[in-house]
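Heads up, the thing below is written out as structure tokens.
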Amino acid sequence: MRRGVKRVAEAGAGLVLPPPDLAGRRVVLCYHSVDPQPSYLGLTPELFDAHLAWLEEHCRVVSLDELVAAPHTHGGPYVAITFDDGYADNHEHALPLLHARGMTASFFVAVGFLERDEEVMAHLSEIWATPAEQLRPLSWTQVAELRAAGMSIGSHTWSHRNLAQLPGAVVEADLDCRPCARHGGQRCPRGTEDCMRQVTVSDVLAGVDTLLTSTGKQTVRSPLPAHG
């Protein structure tokens, strides 16, 4: 029923709204895990490479910094690739595929996950329904190798908790990007307030098979190979 209503709504929108201007479109794609045996948050290396092949043919892949620095009016759509959380498979499987195509990406790591903090590991084990011993975060050596390969590194909070449900002081501590910066990650130039804005960008502007306009509410389905 819901799918039928959604198809009708999309068809009606297509009749009313003008076609989107793809030349100036700016898009952020958010991935998590790339693994031969993917979880519900992941996809296989073969499927990820198929995504990259489509992007290489149809889009211009740029860094996240370049994407948000200034609007583009032609030559697009422009796409930034991001990864959240900090899985070891990002280094093992995603990095070689990105490097082979000369593409860059931004990796937002949950610092407590990489530090294997007991409280954070217990929280992630619960929300991901995965035994803690099976969770495989990046090492800081792998983070350094990602950065050396031209990738950018940022903080995805300390604990990966829902910030909307936390007191302000706890949110500020969870968003402190200095621990990540000590390992080569980007430090927010204007402190926590700016960090909160950047985290929002990485969390909200997400998609694997959906391209979202940065200037309106229209949604355009892309021919990217289906996720999952």
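Only the coordinates and a few stated rules stand behind these numbers; no lab work does. Everything numeric in this text was worked out from a predicted model, so none of it was measured. Methodologically, a virtual Cβ is constructed for each residue, glycine included, from the backbone with ideal geometry; neighbour enumeration extends over all protein chains shown.
Summary table
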{"quantity": "Least to most buried among Thr141, Thr104 (fewest other Cβ within 10 Å first)", "calculated": "Thr141, Thr104"}
{"quantity": "Separation between Cα centres of region 21-68 and region 74-102, rounded to whole Å", "calculated": "6 Å"}
{"quantity": "Burial ordering of Leu43, Leu22, fewest other beta-carbon atoms within 10 Å first", "calculated": "Leu22, Leu43"}
{"quantity": "Backbone HN-Hα couplings from phi across region 133-145 [Karplus 6.51/-1.76/1.60, Hz, Gly and Pro as x]", "calculated": "5, 8, 7, 10, x, 4, 8, 5, 5, 5, 4, 4, 6"}
